[in-house]
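Note sheet for the following structure.
Each reported figure results from applying straightforward, stated rules to the coordinates on display, with no laboratory input. The structure displayed is predicted, hence computed values, not measured ones. All Cβ positions, even for glycine, are placed from backbone atoms using ideal geometry, and neighbour counts span all protein chains on display.
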Amino acid sequence: MIRAIRTDDCASIAAIEAQTFNTALDRGRLLTLMKMRAFCGFVDDTNIPNTAYRPNNPDMSSNLVGYLLATIIVDEAEILSIAVSSDHQKCGRGAGLLGHFLAYIDAQDVKTALLEVAADNVSALTLYHRHGFAEFGRRPSYYKRSDGDCDAIMMRRLSD
Ligand SMILES: CC(C)(COP(=O)(O)OP(=O)(O)OC[C@H]1O[C@@H](n2cnc3c(N)ncnc32)[C@H](O)[C@@H]1OP(=O)(O)O)[C@@H](O)C(=O)NCCC(=O)NCCS
């Protein structure tokens, strides 16, 4: 189930970040990010309890399998990171997180959503295209890798 992010999610998110990205956000940077007024985030938690969240109840522990981190400034949103843990990918969770976020910003009348993605990231590009994002710019050779440089593609989704 998708729910709003909490500060006690940072360790789980940092673990997925480390598993996924070369430039992973660690727990400290995540906490700093979450303190920003513009911050907005959602997690996919497979352990959502039926009752209200109580931090001291051990039965209420979470099991995060994915997250989306973003900022929203006035009528513009920027997706900073989206990831699903490797053992839960290709099950619709990324689409669920992105769809949830886009419905949220649409309800807030946020007109523009932006993100950046590596040109060789087929799964992410597929996900973004399916959700109405289109390329509007490129940063050539932005990602430096041992097996060669890769462009960054800047994508935008404009609401109606
Ligand atoms: C990108 C990512 C979030 C997608 O999450 P996911 O849960 O695996 O994706 P979903 O199962 O929701 O699939 C979404 C769409 O992408 C497609 N897709 C997913 N993985 C794919 C792959 N490896 N190759 C091609 N298409 C793929 C699906 O077919 C689906 O399209 P559909 O609606 O036509 O069926 C996930 O792969 C991930 O965490 N990757 C590593 C982190 C990352 O690259 N994040 C993006 C940084 S910009």
- request: For the stretch 2-114, calculate the relative contact order in percent as a whole number, restricting contacts to Cα pairs under 8 Å that are 6 or more residues apart.
  value: 25 percent
Computed lengthening from ASP8 to ASP147, 0.36 nm per intervening residue step minus Cα-Cα distance: 46.4 nm
- prompt: Using DSSP loop states and a limit of at most 16 other Cβ atoms within 10 Å to flag trypsin sites (Lys or Arg not before Pro), what is the longest stretch of the chain containing no flagged site?
  reply: 38-89
field: Net charge dipole size for the chain [Lys, Arg +1 and Asp, Glu -1 on Cβ; Debye, nearest 20]
entry: 160 debye
- prompt: Considering the dipole of the chain built from charges on the beta carbon (Lys and Arg +1, Asp and Glu -1) around the Cα centre, which of ALA134, LEU69, SER159 is farthest to its positive end?
  reply: LEU69
message: Less than 14 Å apart at the alpha-carbon level, and either on another chain or at least 8 residues along: which aspartates and glutamates does that give for LYS144?
response: ASP120
- request: Evaluate the distance, in nm, between pseudo-label points positioned 7 Å from the Cα of VAL122 and of PHE136 along their respective Cα→Cβ axes.
  value: 2.8 nm
- line: Rg/Rh over Cα atoms for the stretch 2-114, Kirkwood Rh, comes to 0.95
message: I want to make sure I understand the PRE zone here: with the label point 7 angstrom from the Cα of ASP160 toward its beta carbon, which residues in the stretch 99-120 have backbone N atoms less than 14 Å away?
response: 106-107
query: If you find the alpha carbon centre of the stretch 1-51 and of the stretch 64-112, how far apart are they in angstrom?
result: 12 Å
